[in-house]
Every structure is written in structure tokens, then in C-alpha cells.
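The values are calculated or read from the model by the stated rules, or taken from the named source; none is laboratory data. Please read these numbers as outputs of a predicted model, since none were measured by experiment. Because the Cβ atoms are built from the backbone with ideal geometry, glycine has one as well, and the counts that use them run over all protein chains shown. Surface areas here come from the heavy atoms of the whole protein model, side chains and all, with no ligands, DNA or RNA. Shrake-Rupley method; radii C 1.70, N 1.55, O 1.52, S 1.80 Å.
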Protein chains: 6
Amino acid sequence: MELIFSTWNEVEAYLDRSKGIVIPLGSIEQHGPNGLIGTDALCAEAIARRMASEGEILVGPTISFGVAPFNLAFPGTISVRSTTLMALVTDYVRSLAKHGFEHFYFLNGHGGNLGPLRAACQDLQAERSYGEDGGQRSIRFFFRSWWEFPTVDTLRREFYDDGEGMHATPSEIAVTQALFPEHVKAAPPTNVARLSTSYLREHAGDNHADAHQHRQHFPDGRVGSESGLATPQQGLMLLDAAISDGICDYKSFLESF
Amino acid sequence: MELIFSTWNEVEAYLDRSKGIVIPLGSIEQHGPNGLIGTDALCAEAIARRMASEGEILVGPTISFGVAPFNLAFPGTISVRSTTLMALVTDYVRSLAKHGFEHFYFLNGHGGNLGPLRAACQDLQAERSYGEDGGQRSIRFFFRSWWEFPTVDTLRREFYDDGEGMHATPSEIAVTQALFPEHVKAAPPTNVARLSTSYLREHAGDNHADAHQHRQHFPDGRVGSESGLATPQQGLMLLDAAISDGICDYKSFLESF
Amino acid sequence: MELIFSTWNEVEAYLDRSKGIVIPLGSIEQHGPNGLIGTDALCAEAIARRMASEGEILVGPTISFGVAPFNLAFPGTISVRSTTLMALVTDYVRSLAKHGFEHFYFLNGHGGNLGPLRAACQDLQAERSYGEDGGQRSIRFFFRSWWEFPTVDTLRREFYDDGEGMHATPSEIAVTQALFPEHVKAAPPTNVARLSTSYLREHAGDNHADAHQHRQHFPDGRVGSESGLATPQQGLMLLDAAISDGICDYKSFLESF
Amino acid sequence: MELIFSTWNEVEAYLDRSKGIVIPLGSIEQHGPNGLIGTDALCAEAIARRMASEGEILVGPTISFGVAPFNLAFPGTISVRSTTLMALVTDYVRSLAKHGFEHFYFLNGHGGNLGPLRAACQDLQAERSYGEDGGQRSIRFFFRSWWEFPTVDTLRREFYDDGEGMHATPSEIAVTQALFPEHVKAAPPTNVARLSTSYLREHAGDNHADAHQHRQHFPDGRVGSESGLATPQQGLMLLDAAISDGICDYKSFLESF
Amino acid sequence: MELIFSTWNEVEAYLDRSKGIVIPLGSIEQHGPNGLIGTDALCAEAIARRMASEGEILVGPTISFGVAPFNLAFPGTISVRSTTLMALVTDYVRSLAKHGFEHFYFLNGHGGNLGPLRAACQDLQAERSYGEDGGQRSIRFFFRSWWEFPTVDTLRREFYDDGEGMHATPSEIAVTQALFPEHVKAAPPTNVARLSTSYLREHAGDNHADAHQHRQHFPDGRVGSESGLATPQQGLMLLDAAISDGICDYKSFLESF
Amino acid sequence: MELIFSTWNEVEAYLDRSKGIVIPLGSIEQHGPNGLIGTDALCAEAIARRMASEGEILVGPTISFGVAPFNLAFPGTISVRSTTLMALVTDYVRSLAKHGFEHFYFLNGHGGNLGPLRAACQDLQAERSYGEDGGQRSIRFFFRSWWEFPTVDTLRREFYDDGEGMHATPSEIAVTQALFPEHVKAAPPTNVARLSTSYLREHAGDNHADAHQHRQHFPDGRVGSESGLATPQQGLMLLDAAISDGICDYKSFLESF
């Protein structure tokens, strides 16, 4: 069930059955010479929508815009400030909490979103912490990036090994190739330098330099990723894995409290 | 050409040909008993995408979230604060202006967005007004709600007369029926009270009461609109009209300065 | 009755008779070679005050500062950010709503204010929409720029035809001449280029370029307006028209809900 | 010379002679049973305007709205948040600094404004401190509440002794009586309790309780002030003193750097 | 009793005995050639902690960061925006007020903090003023810079006369010498120009120029202060005076309401 | 070398040798029946200071205040909003970057800080990404919570096994016992329920409920932690491990780019 394709009466009826929702988050940023600028939003949205249709789950509208200032020297990247993403998440959750939603499962497609997302959710809990003790329903959050799903993680290591890299990864590109065959671009040469351990350690969570430095370091936009290894067939397998892992993960979240 | 389906190299090449972009804006809010919650975003996005494919125009990712607090008493509505929408528009424009974009055509699908959108654009011009005189490229904005297109306006009056109303209009519902036949819902009874002149006058631009009052006034969510009159065939005609009017309007904007 | 010349006891007594108030908004910006920098604030304030004295209406203090970044390259212009105007409108309304005011009629004197004003009012309704259903009194807003009053509009077309233009219009200058004969300045040459249809269409609502561009386009500050046509006599007629139209319009707002 | 009654060309010419400006600040708040709600704004504005006309000084438009939350339980009070006043002061100064103004003399009419005013000016200096060393012109601020002027201070002690009190003081009421004889209200009984030393010590600078407490403590709005002692004649004397002290003080500020 | 060295159960028990707390504020900024960058935070914290241990008073954690943009051209200075300090004070007070604290005594160590501190406290009172009348406990604030304590003030005039100056004063440096003998630095030459009356008058409350100007005016960071006169022995005397004056002052605040 | 105990000349000299700094972050929140409210700030500060003294490293002033709204139902907790912590981190970094610092190593003592900290650092990079390409020095961030240091992690598992838990851990309490023997509190009974896998999974990174729920779930404030196992001797060993791991980790960060 998708919120955008429902009527308000249908959502009202859904709330009698469940108080949970899956919210996809993406980013609009360069993904190297053959990756789509919308990759992060497209992947998270597609996985969430298929979780919804196969798992009797409600999926909300995608938050397409993410925090990716380091990619602003590549044309087409649209990066929002952390405070902007936080404002958007805040209003999204406040609106749904007013209707009675309680369990918010964020299905994330971009590493740089996690800090601001967690920050916003702390402030949402703070608001509710100052209110009166009692009456008010409690709300809960869960954060999951789709590449962390165990089957997905196994597959992407198997398919690409250390060619997976950090950005414009073959796994995310493969997923978009499976989803949008009409938008598959020619593969770039496979000559990407592997990242050093110290680079990986320091830059985890998209902790990158400013845009000018970042483009100097990674002139075609790939960050240690052999994007050219991606195939639509792998994309389908990754997508299927993400959907079944995702349904499990969401259900386990619902049952956990 | 759609930004989300492009690579950064393709956007770089596009910027040699044009500095313009079409940006769809919507809202996630109840649209009465048979309207989809995503109606405003879906309509604006669909029109913009088809303008893009038929008119050699670049369309950016949709800003799906709009300002609709008056609908917050209907489950499923997600309303953002004006300041949130303004932050999002600001970051969107700043990012693209950094890449060299100059002409921003906002294709709007929700009346309540126009105030905040104009407010954000004034502040963007203010930022640039404090900078040094010279060097910097000027940027321009244009705001258009799709139902203002002349052919669309003629058609909707012709199809629905005063049953068009203010919200959950048969015209927008017809467009979503044409776009998503699998999501056509049963039509509600056609007994909607027509709006008084003083109501229309005072509430233009979604100048509505708070959510509780608004739901009391319009218990099923329609605001003077005979949503049940919508048909997919009319939707197709409205869509075609919007696309050709839209292409003209955008080109005229590009040439106007 | 003017709020600034009343005591709190008088306001308390007024609230037993009415919950409405008229709030003038202006701008502090250049108005061409013979227009006063305070024109927008002075006109809105004068009309509102005379509505008050002739119509048993309460008028609040003027919000003199408006959003006019495009005029920042002309010395003397003071432009506030949209977010600043919104904060001011928010606090103004919150204060009065706490006292029991319910009907807010904004009498506007500057086009660039309308977007931020509407944005602020949506956020005020949003605040109230998250509160508990019930008890709380509803508040309503109405927005009117004085040149929209029907008699005023007829007169200004009659007096100045297409010399009325967009900024530093002879009508607003005539009103200030009627109000402040001691500040009438020498008329500039009447040689202003008429605005093209595409200019008018694109720049409606003060959707102008940044300050540097704007001054380059309109070197003496007039935007298609033959300011030199203004006379104090016309100003008096416009003022009288505005006052009687305004009283009607406000009363119709009070009765409309 | 008053900014609102000038043209931009006149301001441009003024900037060749001086880079200084006087900015009046007020408040819109209850002033007891016979004080006008606009008292603080009216006094500061009148003194500044007469300084302007008698001293070849430029006066900017009045910031009428002040920070007075403690008076929100008295109908008619409009209090802005500190952050709102700071935003307004920031935009006011930024606009004028862009035109070349350097010396900002704030003529204050309300104690509660001083904290936010100083806070805003620190942040304005901070902005400029991060910029490049060199080129940029330095700006300076000065803060003066009109009752601190030495002759004014002597007169008000002489006229009212400890009946001057803290709020709705006879001195400010006398000034409004001199300015607006048509708005003189009947004097209340002179039975106001004098404030204890510990009260004066703790509440200096309008450091008051919340609105509910404040009204409980001071049910008719006077804070230790015998407002009924005010006469228009005293008002004239206070006004004259303020104007000549003010001109001196401003000139000494201009010369001091 | 120090909050940071207490358990929550101990704070709960304290609240049965008292609702008051002392909150030290400092600044991290250059203090001339022999002053420590942490001087303001170190002095306020030390005085507050000794007030706590000798006076059965609870002291909260120090707000070390202050508003000192004028010192940003001296390496090591960390200045926060006024709005940042205000946010911090707001959250600090809101947290403690939730636990039942009512009496907030700010022991300040840096002049530039007072404006923002007062501004934040007004907004805290504003929040509470919009709430419902009744139930809610009232909160009170008191602001004291330690050098205002009468015995301290007498001593510093006696020790240093007009060599005390405005910044990097011998009195504050003497206090840090008494506290941290291992960090006493060599005294600079005693040749500091005394400040003119007009300078003192205009710059009271750290109303300084931007950082570039400020460093040009005061190249070694001392503002009229003969820092070299400081001795640890004087520091001990100043510290003792501050502690006994402080305990009195705080108790008088608690009893005053 | 500690910034607060240095003069500006000493910092200037340091910048010739290094552009790096260690910044401790803590939190002021309940730590169960025998943990100190300042635990997180005290641990991070002590480790950073000893890294400084043993490793020729500069340590900045501690950011004591963290994001811990879930603990607001326990008296003494002071939680700041994410946006407040972000503002503080922003100003801290901007100030130091102005002086020439480039390498910012955050030594964190509280899980809930990491989201906001990362969010702030993205926005700092965004600011710099919009500037001109070239000239500007790049800045880098690194985030490390002290309990992640490998030797520390081994020791705490060895000492406490699954009694380490999530909050008010015996390891952090042991460190404060080693640092402040005068503040060791009586150990509570060792009967804390171990946390389920689903709890640990969902609540990683302090993703807790609102304050009311949180206290209901964990009535004495310990979250699965056998705080009573802590001893000062273990604290010393943990501290020593943290310091040597920390010096390595920081040096590796400096060399990594």
C-alpha cells in the first residue's frame, strides 16, 4: 500500500490495522560516469514500494533530497543542508504522528543522511519529552540503509569484492539498471584505484572534504567503486534480496517493542 | 531529459545548450473520498516529465511535499511548514545555480505552495544582492500552477463548470485517473455544496482555517468540488493540453529576458 | 480607533464588541526620482488609519518593513528577509490571538510582502492545527493590497493608463503628495519606457532580479511608471476611494465566515 | 532629514556628507490605566525626528515592535521574540551598510530591547569578522535609552521622585501627552506601591516574570509608577531636554572613533 | 554541591530543599600576552564552585563559550554567535525547569554575554507567557558579572586603579594566577595606553568593532589593561571577596521574590 | 597543550607546528544510581587532556552539553537540542578554521551526539563548497567515541562482559571513579536485566523513546548496565588504554590525508 496512491479513508482504515510506515530516503547527486543522479532515491523508493506490495506494508512518499555537499562540484548534484533535511523529517513525522502513526522505519539510500536523520529524530523525542507525562502516544524510529541487509551485503561482496568501493558502487548502479533498463549508460573503464584503509576509516558515513577537494580527489565521481561491473541481472538479484530482507527487518522492528 | 535519469556528464553537456530547468512542486494531502493523497505531486511531476520528453527540456526532481496544514485532520496528509519548503527550495536553487543554471521555472501543483515559494525566491535574490556588483550570473524565477494554462483552464470550465470547486477538483482527479488507471477509486455521490462568492474571495490561495475547523467545514475533504465527475478520458485531454501549453509557456519564459 | 493611541483597558472593552483588526504593511524602499522611500508604509498606514476613524474599526501598528531585495542597489532601501517579515507577522498575530483577536485583515502596500505574509499565516494555522481539537478559538486572515480596491483601480487606470506601471506608480506617489504636501518633490521627465507584456507576466508580484541587475534595468528606480503624472488632487481622490472601498471590504470580511 | 520622507537620490547625496544615522526603537505594550500602548515607540520616534529636524541628522524608520512578553496578559500588547527583533535589526543594518552607512546610533524607548539589540549587533560584527581582512568598511553601534540623557534624568527625578518607578512612568506618559494632546486619558488614582530595593535590583532591564505572574503582581499595569502625576507641560520640558541632549550625544558618538 | 559530580537521586533530594541554581558563564578568547584564553570561563567556574562548596549552593555545569567576535583575529579565540549562546541557555533552562528548578542565578565572566543572555531569558518567559494561565510554576532569572560584586570592585580599583582597563584586566588575570599557579606567564611590559572617556562610554558591554579593526586598535590584545600588574596574592584576595559577596548576593536573590 | 591554559601567542606559535586539534564532547545526564551526571563530559575531557599532555597535542575546551532528551525525566539531566549542538560545533569550527586550523578530531563521550555532530560537519563542508574554487584551505573531521578504542573495548568486555550494557556502563563509571575518588558513590544492587538483541539492535546510537517512556522502562536510569561492577582500579586501566590508543588514533588521522 502506497500513501500517495491511497485516499484518506484508506489511510484511516489502515491505522486500525497498523501504526507503522516505511519511509524511503535518497539523494540527488552524481554517481560517476555511468550512474544516474537519482540513484539513491530511485533505489530506496523501489525497494520500499516492492516491500509494500509484497508485504502488506504502508510506504510513505520518498524524501528524495539528501545531504551531499561533497558532490556539489559535479553538475546536477542537488544537496540540501542537514538542517533542511531535519526540518523535512520533522514535519513528515509530526504530520503522521498526529494521525496516530507510531512506528517509523526509515529505509535509507544515502550514507550522508544518517547523521541529520538521527539528529532530527532526537529533537522529535525532545519535543515530546517536554510535554506532560502520560496520555501521549510514544513514537519509535528505526534507521536502515538497504545495503546493510544481510543477503544484500553478502551478494555485493560476492559480485564486486573490493570493487564495491564507497560511492557510485556497482551494486546501486546494478539496481537502477534492473529498474530502468532504458537508462542504462555505457560502462566506464575499470581502472578505479582501490581505497586505502585509512581513507575508508576516516571517511565512513560520507565524511568527505568540501566539493572542490572532493572532485580533485575523484575526478570522474567514483569513490573507489568499479561502477562498470554492474549488470541488470545482478541488480535484480540485489533487489529481490533487499525486498525479502527488508520485509523481515521491518516486521522484526514492529514486533520488537 | 530528466535530471534523476541523467549522469553528471550529461548535465554538464546540457548546460552548454541551456541554463533552464523545470521544477515540479506538489503536496501530500487528502483529496476527498476518491482522490489520491499524492494527487498534487503526481500531476505536476507527470506534466513536467512529459514536457521534458516532448520539448527538449530538462526537468528536475519533484518537490513532493507542500504546505497544507488545513488538511492535517485528514489521515495521510503530510504538511510541511512554510519555512521547511523555503529551505528546500533554497538549497535546490543554490545547488543548481552553483552548476550554472540561471532560469528556474516552477511548475506548481498546489496553491498553498505559492506564498512560501515566492518568499524563498525573494531571499535567494537578497543573498545575491548583498554580494559584490558584477561577475556573478543573475538568476530568474517563474511560477506557474498547471491549472492556469489557458487551454487547461478552458477545458476544466467546460467539463465541470462550477463543480470544479477549490480542492479535490475533478480536473486534478481526472489527470491522476488518466495516469494511474490501476488506482481509480469509486466515485462519491455528487452532492457537494457550491462555494459562496465570499468563501472563494476570502480563501483564494488556500487561505484556510486550522485543521480542526477545516474538517468540520468540509467533512469528506472536498472543498466545493464534484470530484465524482472526473473521467480518465478528460484526464488525458487535460494532460495533453497542459503539456503543450507548458512547453510554450516555458519557452516564452526562456526568451523573455 | 488606533491600537497605539489606546490604553489596554480600551482594547479590553473593544474585544467585547469585535474580534477584528486591520494591520497595515509597507516597505522602505526607493520610489524613483520623486517618490518617497517610505511610500508603501505611508500609504497603507494612512488608509488604515482613516478606515479606523471613519469606520469604527481598530487599526494596529504598521509593519513598515517589507521584502524588497531588488531595490538594495538604491541608497536608502531597507529590505528585510522573508523569514524576518514572517517572524514579525507571527509574533504580531500570536500576541493578538492571545488577547482574543480572531479576524486579521492585512492591508498591504507592497507586492513583495504577499508571499511571505501568506507563508507566515500558513505556519500560524499549522501551529494551531497540531494542538488539541476543540476549545481553541479559530483565527482567520485576509490579504488586500490597497490598489486592488475596485474604485481605486478604476481611478488609477483612468488617471494614468499604462503610465501606472509597476513601481513608483503615479497613484502611490499621488497619495503621498496628498498626505504630505511638504514633501512633494519635483517631477522627473516623463519618458519612462512602457513594460512589455512578457515583462509584466514574468515579474508580477515583485518577482524581480537581484539588486545589481535591477538597477541596471531601471537606472532611476521607476519600473515602467510615469511617476511625474502624480498630483496631490488625484491623491486625495485615490485616498477617499481607498477608504470607502476598504471599509466595505473589511466589513464584508467580518461578515463572511 | 527623515529617511521615509526622502528620495534615494537625497540619501545618496547625504552619504557624501555623513555615514551616520539615528534609529528609534520602541515597543507596543500596555502602559497602565492612562498610558498609550504605543508610548515607547511614540516617544523614541518623536525625539529622533526632532533631533533630525533640529540637528541636521538623518533619522531612519522606527522599529516600533519590542520585546515585552511580561505584558502579554494585558490586552493590546504586541511582543516580539528576541530573535525576531534581532532579525529585524540585522536586516536594517545590513541594508544600510550596503549603501555605505557606518555609524548606527540606536535611540531606544524600551528597556527590554537592549539585550536583543546588543546580541544582534554582536552577530553583525561576527559576520564581518569572518570576512577577508581589509577593504571592507567598519561599522559601529551606539545604544542609548532616551531617559538616560542627563538633563532628562535630572528632570524626571525632580518632577516625580520615586513615583517615576519602572513602567508606565510619568515621564514617558508626560511626553506622549505633550505630543498627542487629543489622546490624553484621565489620570488614575495615585496610590501605587513603591518598589522595594530588591525588586528594583532584580528586575532591572525589564527582567520580569511571565505574563500571568506579572499581571498578578501589577494588576493595573503600572510597575511602581505614579502615572497620574504626568502633565503635558512636563512632557514638553522632557522632550526639549531629550532633543538637545540627544543631538549632543549623537555628535559625540560621530566624533568619538 | 556540583551538578556534574552528583547523581540524579541527589538532585532529586536537593529539589526538596531548594529550587535554585548558580550557572557560570565564560568565554574562550584571547586575554593579551600573559592572560589565558580560558580566563573568563575559569574565573566564573572557580567562583561558582567555591560558592557551592562554602554556601550549600548547587552549581550547574559551566557554559564556557561566549560571544566575542571582536577577538576572532587573535588565534585561539572561539566565539559563538549570540543565537548559539541563546539556544544553549534556552535548553539549559528548559531542562532544569522541567525538573522543578525555579531560580536561575547566572554568574557571568564575560561582558559580551549579557545581551544574548537577557535576550534568551526574555524568550523563555515569552514561551511560558503563551501557555495557559495557572498550574505552571514561574521561573526567575538573575544576572551578575563577578567583577560587579562590591568587595571585588573595591579591591580591583585599589589594586590597579585605571590600569584595570576593559579586557585582559589585571584582576581576572590575578584570579587565574591564584587558581593555576602552574600556568602563570611572564608579565608583559607595563605600557598600555589608558582608554579615553569616549572610548569607555561607547564600548561598554563589549560593544567593539569587527575583529580586524579590533586587532588593529589593540595589537597585543589588552584593551587598556595593565595585565602585568596581576599577582597570585591579589588573585586570592579577589577570589575570597567574590565568594563571600557571591553567596550573599545569591541568597538575597532567593529571598527577594 | 590545552587551549584554555594558553595565550594567543602560544596558539599562534602552535599553528606553525600543527593545524590539528582534539575536541572533547560530553553530555550532562543521569548515569544511574551511582554514576555522576557529568560522566560523559568528565571522561572525554580527562582522556583528551591526558592525550594532550602526553602526546604534544592541542586540546580545545570541552563541549560539555550533549543531546539526551530520553533522560529528561531524571532530575539533573540537561539536554540540548540537536540544532543547538550543531550551532555550537559550527561556531567552534568556524572560529578555529579562521585561525588556520584544518584537522578536527572529535573525541566523543556520548552516543547521542554523533548524529548532530556529523550533521553539523556536513553543513560546514557545504558552506565551504559554495565558495570559490581554490585559495581556501580544506578542513577535515574525524569522529571517535573513546569506548571504541581497541584496547579500551577489549578491557571493558573482559571486565564486565554483558554487564557493560548501554548506559551508565561500569566502564565509564570506573573512569570517573579513578578521576574523582572523592565522588565515588555507593554501588547499587547488581540485578540489572540484560538487554535483548532486538533492543540493542533498535536502540543503537541512543535511539531511545521519549523521556517518560524511557524512565518507565529503566526506572533507576541504568540501561542494561551493571554499574556496580565498576572499580577505580579498572578505571585507571581503562584511562591508560584510552590515552595511548587515542594518541595513536589522532596521529594516524593527522597522517592519513
Can you confirm whether the range D:227-249 contains a residue that is within 18 Å of residue D:109 (Cβ to Cβ), touching a residue at least 40 places away in the same chain (Cβ under 8 Å), crowded, with 24+ Cβ neighbours inside 10 Å and more than 18 Å from the chain's Cα centre (by Cα)?
yes
Residue check: is residue D:48 assigned to a helix (DSSP H, G or I), crowded, with 24+ Cβ neighbours inside 10 Å, under 18 Å from the mean Cα position of the chain (by Cα) and within 9 Å of chain C (Cβ to nearest Cβ)?
no
Tally the residues that are hydrophobic (A, V, I, L, M, F, W, C) and without any contact (Cβ under 8 Å) to a residue 24 or more places away in the chain, restricting the search to the range B:88-116.
0
Of all the helices (runs of 4 or more DSSP H) wholly in the range B:134-213, which have at least 2 residues that are under 17 Å from the mean Cα position of the chain (by Cα) and at pLDDT 95 or above?
B:150-160, B:170-179
Determine if the range F:157-169 includes at least one residue that is aromatic (Phe, Trp, Tyr) and crowded, with 22+ Cβ neighbours inside 10 Å.
no
Reported set for the range E:209-226 where residues are over 22 Å from residue E:159 (Cα atoms) and open to solvent by less than 10 Å² (accessible area, probe 1.4 Å) is E:210, E:211, E:214
Residue within the range A:223-239 that is hydrophobic (A, V, I, L, M, F, W, C), under 23 Å from residue F:129 (Cα atoms), in a loop (DSSP other than H, G, I, E, B) and more than 9 Å from every other protein chain (Cβ to nearest Cβ) present:
no
Sole miss for residue F:59 among (1) touching a residue at least 12 places away in the same chain (Cβ under 8 Å); (2) more than 10 Å from chain E (Cβ to nearest Cβ); (3) open to solvent by 20 Å² or more (accessible area, probe 1.4 Å) is condition (3)
Going through the range E:18-36 in order, the residues found to be at the interface with chain F (Cβ under 8 Å from one of its Cβ atoms) and either part of a strand (DSSP E or B) or among the hydrophobic types (A, V, I, L, M, F, W, C) (or both) are E:28, E:31, E:35, E:36
Of all residues making up the range B:62-108, the number that are facing another protein chain (nearest Cβ under 7 Å), open to solvent by less than 10 Å² (accessible area, probe 1.4 Å), out of contact with any Leu (no Cβ under 7 Å at 6 or more places or on another chain) and not in a helix (DSSP H, G or I)
3
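So that you can scan it fast, the table gives a plain yes or no per residue for (1) open to solvent by 60 Å² or more (accessible area, probe 1.4 Å); (2) of a type in the set (Gly, Ala, Ser); (3) over 24 Å from residue D:4 (Cβ atoms):
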{"position": "C:143", "(1), (2), (3)": "no, no, no"}
{"position": "C:150", "(1), (2), (3)": "yes, no, yes"}
{"position": "C:180", "(1), (2), (3)": "no, no, no"}
{"position": "C:184", "(1), (2), (3)": "yes, no, no"}
{"position": "C:191", "(1), (2), (3)": "yes, no, yes"}
{"position": "C:194", "(1), (2), (3)": "yes, no, yes"}
Members of the range F:196-208 found to be surrounded by fewer than 19 Cβ atoms within 10 Å (Cβ to Cβ) and within 29 Å of residue E:98 (Cα to Cα), listed by number
F:199, F:200, F:202, F:204, F:205
A careful count of residues in the range A:15-39 that are hydroxyl-bearing (Ser, Thr, Tyr) and open to solvent by less than 10 Å² (accessible area, probe 1.4 Å) gives 2
Kindly list the number of the only condition in (1) under 13 Å from the mean Cα position of the chain (by Cα); (2) facing another protein chain (nearest Cβ under 10 Å); (3) open to solvent by less than 10 Å² (accessible area, probe 1.4 Å) that fails for residue D:42.
(3)
